[in-house]
1. State the number of residues belonging to segment B:13-27 that are under 16 Å from the mean Cα position of the chain (by Cα) and either surrounded by 23 or more Cβ atoms within 10 Å (Cβ to Cβ) or in a loop (DSSP other than H, G, I, E, B) (or both).
2. Looking at segment B:37-76, which of its residues are surrounded by 24 or more Cβ atoms within 10 Å (Cβ to Cβ), among the small types (Gly, Ala, Ser) and within 17 Å of B:HIS131 (Cα to Cα)?
3. For segment B:107-140, how many residues are touching an Asp or Glu at 6+ places or on another chain (Cβ under 6 Å) and more than 28 Å from B:THR9 (Cβ to Cβ)?
4. Just to be sure, is B:TYR47 in contact with an Asp or Glu (Cβ under 8 Å, 6 or more places away or on another chain) and among the hydroxyl-bearing types (Ser, Thr, Tyr)?
5. If I filter segment B:109-121 for residues that are in contact with a Lys or Arg (Cβ under 7 Å, 6 or more places away or on another chain), more than 9 Å from every other protein chain (Cβ to nearest Cβ) and modelled with pLDDT of 95 or more, do I get at least one hit?
6. What number of residues within segment A:83-101 satisfy the criterion of being not hydroxyl-bearing (Ser, Thr, Tyr) and not in a loop (DSSP other than H, G, I, E, B)?
7. Quick one: which strands (runs of 3 or more DSSP E) sit completely within segment B:125-181 and have at least 2 residues that are more than 7 Å from chain A (Cβ to nearest Cβ)?
8. So, in segment B:28-60, of the ones that are assigned to a loop (DSSP other than H, G, I, E, B) and of a type in the set (D, E, K, R), which residue ends up farthest from the chain's Cα centre (by Cα)?
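The values are calculated or read from the model by the stated rules, or taken from the named source; none is laboratory data. Keep in mind that this is a model prediction, so the values were computed, not measured. For neighbour counting, all protein chains shown are included, and Cβ atoms are generated from backbone atoms with ideal geometry for every residue, glycine included.
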2 protein chains.
Amino acid sequence: MKKALDASTLSLTNPVWIVGTYDPDGKPNAMAAAWGGICCSKPPCVYVSLRKATYTYGSIVQRQAYTISVPSEVHVKEADYFGIASGRDVDKFARSGLTPVKSDLVDAPYVEEFPLVLECKVVHTIELGLHTQFIGEIVGVKADEDVLGEGDQVEIGRAKPFVFDSAVRAYYGIGRLLGKGFSLGKGLT
Amino acid sequence: MKKALDASTLSLTNPVWIVGTYDPDGKPNAMAAAWGGICCSKPPCVYVSLRKATYTYGSIVQRQAYTISVPSEVHVKEADYFGIASGRDVDKFARSGLTPVKSDLVDAPYVEEFPLVLECKVVHTIELGLHTQFIGEIVGVKADEDVLGEGDQVEIGRAKPFVFDSAVRAYYGIGRLLGKGFSLGKGLT
(Lines give C-alpha, C1' and ligand atoms only; values in the text may rest on other atoms or scores of the structure.)
Protein backbone atom coordinates (compact mmCIF):
# COMPACT_ATOMS: atom_id res chain seq x y z
CA MET A 1 0.00 0.00 0.00
CA LYS A 2 1.41 3.39 -0.98
CA LYS A 3 1.35 6.42 1.22
CA ALA A 4 1.16 9.92 -0.28
CA LEU A 5 4.00 12.14 0.95
CA ASP A 6 4.62 15.84 0.47
CA ALA A 7 6.11 16.86 -2.88
CA SER A 8 9.87 16.97 -2.42
CA THR A 9 13.17 16.19 -4.10
CA LEU A 10 13.18 12.69 -2.68
CA SER A 11 15.98 10.85 -4.43
CA LEU A 12 18.12 8.21 -2.79
CA THR A 13 21.00 7.89 -5.23
CA ASN A 14 22.29 11.32 -6.13
CA PRO A 15 25.84 11.69 -7.41
CA VAL A 16 28.50 13.41 -5.32
CA TRP A 17 30.30 15.69 -7.72
CA ILE A 18 32.88 18.34 -6.95
CA VAL A 19 32.39 21.35 -9.23
CA GLY A 20 35.65 23.17 -9.95
CA THR A 21 35.75 26.83 -11.03
CA TYR A 22 37.97 29.90 -11.07
CA ASP A 23 36.61 32.91 -9.24
CA PRO A 24 36.82 36.45 -10.71
CA ASP A 25 40.36 36.79 -9.30
CA GLY A 26 41.47 33.48 -10.79
CA LYS A 27 41.47 31.67 -7.47
CA PRO A 28 40.53 27.99 -7.81
CA ASN A 29 37.43 26.95 -5.93
CA ALA A 30 35.35 23.81 -5.63
CA MET A 31 31.96 22.89 -4.22
CA ALA A 32 30.01 19.68 -3.76
CA ALA A 33 26.84 19.16 -5.80
CA ALA A 34 24.29 16.36 -5.60
CA TRP A 35 21.84 17.89 -8.08
CA GLY A 36 23.62 16.68 -11.23
CA GLY A 37 23.39 14.12 -13.99
CA ILE A 38 23.99 13.26 -17.62
CA CYS A 39 21.39 14.86 -19.88
CA CYS A 40 22.42 14.16 -23.48
CA SER A 41 24.54 11.54 -25.24
CA LYS A 42 25.34 13.50 -28.41
CA PRO A 43 26.81 15.99 -27.84
CA PRO A 44 27.75 14.57 -24.44
CA CYS A 45 26.15 16.88 -21.88
CA VAL A 46 25.97 16.99 -18.12
CA TYR A 47 24.51 19.48 -15.68
CA VAL A 48 24.85 20.74 -12.17
CA SER A 49 22.14 22.79 -10.47
CA LEU A 50 23.32 25.45 -8.04
CA ARG A 51 21.73 28.08 -5.85
CA LYS A 52 22.49 31.66 -6.83
CA ALA A 53 23.80 32.21 -3.30
CA THR A 54 26.76 29.91 -3.86
CA TYR A 55 30.14 31.42 -4.66
CA THR A 56 30.51 28.97 -7.55
CA TYR A 57 27.38 30.35 -9.23
CA GLY A 58 29.01 33.67 -10.10
CA SER A 59 32.18 31.97 -11.25
CA ILE A 60 30.31 29.75 -13.72
CA VAL A 61 28.29 32.70 -15.01
CA GLN A 62 31.51 34.62 -15.63
CA ARG A 63 33.74 31.87 -17.03
CA GLN A 64 31.03 29.69 -18.66
CA ALA A 65 33.03 26.63 -17.72
CA TYR A 66 33.40 24.12 -14.91
CA THR A 67 34.84 20.72 -14.18
CA ILE A 68 33.29 17.81 -12.33
CA SER A 69 35.74 15.79 -10.24
CA VAL A 70 34.36 12.51 -8.94
CA PRO A 71 35.77 11.64 -5.50
CA SER A 72 36.60 8.16 -4.23
CA GLU A 73 35.40 6.79 -0.90
CA VAL A 74 38.77 7.61 0.64
CA HIS A 75 38.00 11.30 0.17
CA VAL A 76 34.41 11.35 1.44
CA LYS A 77 35.41 13.70 4.26
CA GLU A 78 36.97 16.21 1.86
CA ALA A 79 33.97 15.94 -0.48
CA ASP A 80 31.64 16.74 2.40
CA TYR A 81 33.84 19.67 3.41
CA PHE A 82 33.53 21.11 -0.13
CA GLY A 83 29.78 21.19 0.50
CA ILE A 84 30.03 22.92 3.87
CA ALA A 85 32.55 25.74 3.45
CA SER A 86 32.26 28.63 0.98
CA GLY A 87 35.03 29.80 -1.35
CA ARG A 88 33.95 33.31 -0.43
CA ASP A 89 35.47 32.81 3.02
CA VAL A 90 38.26 30.30 2.62
CA ASP A 91 40.59 28.63 0.13
CA LYS A 92 39.00 25.18 0.20
CA PHE A 93 41.83 23.56 -1.75
CA ALA A 94 44.47 24.82 0.68
CA ARG A 95 42.37 23.91 3.70
CA SER A 96 41.61 20.37 2.49
CA GLY A 97 45.14 19.72 1.28
CA LEU A 98 43.90 18.86 -2.20
CA THR A 99 45.47 20.13 -5.41
CA PRO A 100 43.81 22.27 -8.08
CA VAL A 101 45.01 21.56 -11.63
CA LYS A 102 44.13 23.85 -14.53
CA SER A 103 42.23 22.01 -17.25
CA ASP A 104 43.90 22.26 -20.64
CA LEU A 105 40.47 22.25 -22.30
CA VAL A 106 38.22 24.55 -20.26
CA ASP A 107 38.71 27.61 -18.07
CA ALA A 108 38.37 25.75 -14.76
CA PRO A 109 40.44 23.67 -12.35
CA TYR A 110 39.91 20.06 -11.30
CA VAL A 111 40.92 18.06 -8.24
CA GLU A 112 44.15 16.18 -8.90
CA GLU A 113 43.54 13.56 -6.20
CA PHE A 114 40.10 12.48 -7.50
CA PRO A 115 40.12 9.67 -10.07
CA LEU A 116 37.66 10.89 -12.70
CA VAL A 117 37.14 14.35 -14.21
CA LEU A 118 34.65 15.76 -16.73
CA GLU A 119 35.63 19.06 -18.37
CA CYS A 120 32.61 21.15 -19.34
CA LYS A 121 31.69 24.26 -21.32
CA VAL A 122 28.32 25.79 -20.46
CA VAL A 123 25.83 25.49 -23.32
CA HIS A 124 22.54 26.26 -21.55
CA THR A 125 21.61 28.09 -18.36
CA ILE A 126 18.09 27.29 -17.18
CA GLU A 127 16.45 29.23 -14.35
CA LEU A 128 14.24 26.85 -12.41
CA GLY A 129 13.59 28.61 -9.11
CA LEU A 130 15.89 28.23 -6.13
CA HIS A 131 18.35 26.44 -8.41
CA THR A 132 19.87 27.33 -11.76
CA GLN A 133 20.74 24.47 -14.03
CA PHE A 134 24.06 24.81 -15.84
CA ILE A 135 24.14 22.35 -18.71
CA GLY A 136 27.67 21.77 -19.92
CA GLU A 137 28.99 20.05 -22.99
CA ILE A 138 31.60 17.53 -21.88
CA VAL A 139 34.59 18.40 -24.04
CA GLY A 140 37.06 16.12 -22.31
CA VAL A 141 37.37 13.37 -19.73
CA LYS A 142 40.41 12.60 -17.62
CA ALA A 143 40.95 9.54 -15.45
CA ASP A 144 43.69 8.24 -13.19
CA GLU A 145 45.57 5.46 -14.90
CA ASP A 146 45.14 3.22 -11.88
CA VAL A 147 41.33 3.17 -12.25
CA LEU A 148 41.50 2.16 -15.92
CA GLY A 149 41.02 -1.45 -16.98
CA GLU A 150 41.09 -3.07 -20.37
CA GLY A 151 40.53 -0.67 -23.27
CA ASP A 152 40.96 2.31 -20.94
CA GLN A 153 37.58 1.55 -19.36
CA VAL A 154 37.05 3.25 -15.99
CA GLU A 155 36.34 0.48 -13.45
CA ILE A 156 33.83 1.36 -10.76
CA GLY A 157 35.48 -1.04 -8.31
CA ARG A 158 38.72 0.92 -8.60
CA ALA A 159 37.29 4.45 -8.83
CA LYS A 160 35.01 3.79 -5.82
CA PRO A 161 32.54 6.65 -6.32
CA PHE A 162 29.71 7.02 -3.81
CA VAL A 163 26.19 8.38 -3.73
CA PHE A 164 24.26 10.83 -1.59
CA ASP A 165 20.91 9.93 -0.09
CA SER A 166 19.23 13.32 0.12
CA ALA A 167 16.38 11.92 2.24
CA VAL A 168 18.63 11.44 5.27
CA ARG A 169 21.67 13.38 3.97
CA ALA A 170 24.14 10.48 4.11
CA TYR A 171 26.80 9.01 1.83
CA TYR A 172 26.76 5.37 0.69
CA GLY A 173 29.35 3.35 -1.20
CA ILE A 174 28.57 1.22 -4.22
CA GLY A 175 27.58 -2.36 -3.49
CA ARG A 176 27.50 -5.62 -5.39
CA LEU A 177 27.09 -6.15 -9.11
CA LEU A 178 23.45 -7.04 -9.83
CA GLY A 179 23.89 -7.83 -13.50
CA LYS A 180 24.53 -6.49 -16.98
CA GLY A 181 22.28 -3.91 -18.59
CA PHE A 182 20.42 -4.73 -21.81
CA SER A 183 20.89 -8.36 -20.88
CA LEU A 184 19.15 -9.26 -17.58
CA GLY A 185 15.74 -8.35 -19.01
CA LYS A 186 16.09 -10.30 -22.25
CA GLY A 187 14.33 -13.28 -20.74
CA LEU A 188 11.13 -11.21 -20.69
CA THR A 189 11.26 -10.17 -24.35
CA MET B 1 48.86 10.56 -13.39
CA LYS B 2 45.74 11.34 -15.37
CA LYS B 3 45.06 10.08 -18.87
CA ALA B 4 42.97 12.13 -21.30
CA LEU B 5 40.05 10.11 -22.69
CA ASP B 6 37.57 10.94 -25.42
CA ALA B 7 34.72 13.23 -24.45
CA SER B 8 31.81 11.03 -23.41
CA THR B 9 28.96 10.67 -20.93
CA LEU B 10 31.19 8.80 -18.51
CA SER B 11 29.24 8.58 -15.29
CA LEU B 12 29.40 5.62 -12.95
CA THR B 13 26.40 6.22 -10.70
CA ASN B 14 23.36 7.01 -12.81
CA PRO B 15 19.89 6.43 -11.37
CA VAL B 16 17.67 3.68 -12.73
CA TRP B 17 14.27 5.25 -13.11
CA ILE B 18 11.18 3.86 -14.75
CA VAL B 19 9.30 6.61 -16.59
CA GLY B 20 5.56 5.98 -16.70
CA THR B 21 3.29 7.55 -19.34
CA TYR B 22 0.00 7.08 -21.16
CA ASP B 23 0.25 6.76 -24.91
CA PRO B 24 -2.17 8.61 -27.26
CA ASP B 25 -4.66 5.74 -26.88
CA GLY B 26 -4.46 5.83 -23.10
CA LYS B 27 -2.40 2.65 -22.85
CA PRO B 28 0.03 2.70 -19.92
CA ASN B 29 3.69 2.41 -20.87
CA ALA B 30 6.99 2.57 -19.04
CA MET B 31 10.63 2.87 -20.01
CA ALA B 32 13.93 2.81 -18.13
CA ALA B 33 16.01 6.00 -18.02
CA ALA B 34 19.49 6.54 -16.61
CA TRP B 35 19.81 10.14 -17.77
CA GLY B 36 17.90 11.72 -14.91
CA GLY B 37 18.35 13.67 -11.71
CA ILE B 38 17.04 16.29 -9.34
CA CYS B 39 17.54 19.81 -10.71
CA CYS B 40 15.81 22.23 -8.34
CA SER B 41 14.78 22.17 -4.68
CA LYS B 42 12.07 24.85 -4.81
CA PRO B 43 9.87 24.12 -6.64
CA PRO B 44 11.02 20.51 -6.45
CA CYS B 45 12.06 19.56 -9.98
CA VAL B 46 13.47 16.47 -11.61
CA TYR B 47 14.26 15.62 -15.22
CA VAL B 48 14.59 12.70 -17.54
CA SER B 49 16.35 12.98 -20.91
CA LEU B 50 14.95 10.84 -23.71
CA ARG B 51 15.68 10.26 -27.36
CA LYS B 52 12.96 11.41 -29.75
CA ALA B 53 12.90 7.88 -31.14
CA THR B 54 11.46 6.45 -27.93
CA TYR B 55 7.74 5.77 -27.72
CA THR B 56 7.64 7.57 -24.38
CA TYR B 57 8.88 10.81 -25.97
CA GLY B 58 5.64 11.37 -27.88
CA SER B 59 3.53 10.48 -24.87
CA ILE B 60 5.25 13.07 -22.67
CA VAL B 61 4.98 15.72 -25.38
CA GLN B 62 1.25 15.04 -25.63
CA ARG B 63 0.33 14.63 -21.97
CA GLN B 64 2.97 16.92 -20.41
CA ALA B 65 3.24 14.53 -17.48
CA TYR B 66 5.15 11.48 -16.34
CA THR B 67 5.92 9.49 -13.23
CA ILE B 68 9.23 8.13 -12.04
CA SER B 69 9.00 4.77 -10.28
CA VAL B 70 12.17 3.70 -8.49
CA PRO B 71 12.67 -0.07 -8.62
CA SER B 72 14.16 -2.23 -5.87
CA GLU B 73 16.96 -4.74 -6.43
CA VAL B 74 14.41 -7.55 -6.55
CA HIS B 75 13.05 -6.06 -9.78
CA VAL B 76 16.33 -5.37 -11.58
CA LYS B 77 15.34 -7.80 -14.34
CA GLU B 78 12.05 -6.05 -14.97
CA ALA B 79 13.76 -2.63 -14.89
CA ASP B 80 16.22 -3.79 -17.51
CA TYR B 81 13.39 -5.16 -19.62
CA PHE B 82 11.69 -1.73 -19.55
CA GLY B 83 14.86 -0.40 -21.20
CA ILE B 84 15.00 -3.06 -23.90
CA ALA B 85 11.45 -3.40 -25.25
CA SER B 86 9.39 -0.59 -26.82
CA GLY B 87 5.81 0.26 -25.93
CA ARG B 88 5.25 0.65 -29.65
CA ASP B 89 5.50 -3.12 -30.06
CA VAL B 90 4.38 -4.63 -26.80
CA ASP B 91 2.46 -3.97 -23.57
CA LYS B 92 5.44 -3.91 -21.22
CA PHE B 93 3.30 -3.94 -18.09
CA ALA B 94 1.44 -7.08 -19.20
CA ARG B 95 4.61 -8.78 -20.35
CA SER B 96 6.52 -8.05 -17.13
CA GLY B 97 3.62 -8.91 -14.85
CA LEU B 98 3.80 -5.48 -13.20
CA THR B 99 0.79 -3.30 -12.46
CA PRO B 100 0.13 0.20 -13.81
CA VAL B 101 -1.72 2.50 -11.41
CA LYS B 102 -3.15 5.84 -12.50
CA SER B 103 -1.68 8.73 -10.54
CA ASP B 104 -4.31 10.82 -8.82
CA LEU B 105 -2.16 13.93 -9.36
CA VAL B 106 -0.79 13.75 -12.91
CA ASP B 107 -1.92 12.23 -16.18
CA ALA B 108 0.43 9.23 -16.04
CA PRO B 109 0.64 5.77 -14.49
CA TYR B 110 3.20 4.44 -12.04
CA VAL B 111 4.45 0.95 -11.18
CA GLU B 112 2.57 -0.43 -8.20
CA GLU B 113 5.29 -2.93 -7.24
CA PHE B 114 8.10 -0.34 -7.02
CA PRO B 115 8.57 1.30 -3.60
CA LEU B 116 9.02 4.96 -4.48
CA VAL B 117 7.20 7.17 -7.01
CA LEU B 118 7.62 10.80 -8.09
CA GLU B 119 4.64 12.36 -9.90
CA CYS B 120 5.67 15.06 -12.35
CA LYS B 121 4.20 17.79 -14.52
CA VAL B 122 6.44 19.01 -17.36
CA VAL B 123 7.58 22.61 -16.84
CA HIS B 124 10.45 22.85 -19.35
CA THR B 125 11.40 20.96 -22.48
CA ILE B 126 15.00 21.53 -23.52
CA GLU B 127 16.35 20.29 -26.85
CA LEU B 128 19.97 19.28 -26.35
CA GLY B 129 20.80 17.13 -29.37
CA LEU B 130 20.17 13.40 -29.44
CA HIS B 131 18.29 13.78 -26.15
CA THR B 132 15.46 16.05 -25.05
CA GLN B 133 15.38 17.02 -21.42
CA PHE B 134 11.93 16.97 -19.83
CA ILE B 135 12.06 18.91 -16.59
CA GLY B 136 9.12 18.09 -14.37
CA GLU B 137 7.85 19.72 -11.24
CA ILE B 138 7.38 17.01 -8.61
CA VAL B 139 3.80 17.56 -7.47
CA GLY B 140 3.56 14.43 -5.35
CA VAL B 141 5.57 11.55 -3.92
CA LYS B 142 4.26 8.12 -3.03
CA ALA B 143 6.09 5.44 -1.10
CA ASP B 144 5.33 1.93 0.07
CA GLU B 145 4.59 1.91 3.77
CA ASP B 146 7.10 -0.87 4.33
CA VAL B 147 10.03 1.30 3.19
CA LEU B 148 9.09 4.13 5.56
CA GLY B 149 10.89 4.57 8.86
CA GLU B 150 10.45 7.11 11.61
CA GLY B 151 8.71 10.32 10.52
CA ASP B 152 7.70 8.71 7.21
CA GLN B 153 11.33 8.88 6.06
CA VAL B 154 12.11 6.59 3.12
CA GLU B 155 14.91 4.25 4.20
CA ILE B 156 17.43 3.36 1.52
CA GLY B 157 18.13 0.01 3.17
CA ARG B 158 14.50 -0.96 2.75
CA ALA B 159 13.83 0.63 -0.66
CA LYS B 160 17.02 -0.94 -2.08
CA PRO B 161 17.41 1.25 -5.17
CA PHE B 162 20.35 0.58 -7.46
CA VAL B 163 22.54 2.51 -9.89
CA PHE B 164 23.62 2.09 -13.49
CA ASP B 165 27.26 2.29 -14.49
CA SER B 166 27.01 3.58 -18.04
CA ALA B 167 30.71 2.92 -18.69
CA VAL B 168 30.20 -0.85 -18.70
CA ARG B 169 26.38 -0.86 -18.75
CA ALA B 170 25.88 -2.75 -15.49
CA TYR B 171 23.68 -2.41 -12.40
CA TYR B 172 25.10 -2.13 -8.88
CA GLY B 173 23.38 -2.18 -5.52
CA ILE B 174 23.99 0.36 -2.78
CA GLY B 175 26.79 -0.46 -0.37
CA ARG B 176 27.79 0.55 3.12
CA LEU B 177 27.07 3.83 4.90
CA LEU B 178 30.17 6.04 4.67
CA GLY B 179 28.90 8.80 6.94
CA LYS B 180 26.52 11.70 7.39
CA GLY B 181 26.50 14.67 5.05
CA PHE B 182 27.25 18.18 6.36
CA SER B 183 29.00 16.44 9.23
CA LEU B 184 31.96 14.33 8.10
CA GLY B 185 33.76 17.39 6.72
CA LYS B 186 33.28 19.61 9.75
CA GLY B 187 36.69 18.60 11.07
CA LEU B 188 38.23 20.52 8.17
CA THR B 189 36.34 23.77 8.79
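1. Of the residues in that region, 8 qualify.
2. Matches in segment B:37-76: B:GLY37, B:SER49, B:SER59.
3. Going through segment B:107-140 one residue at a time, the tally reaches 2.
4. Taking the combined requirement at face value, the residue does not satisfy it.
5. yes
6. Total meeting the criteria: 6.
7. B:131-144
8. Ranking the qualifying residues of segment B:28-60, first place goes to B:LYS42.
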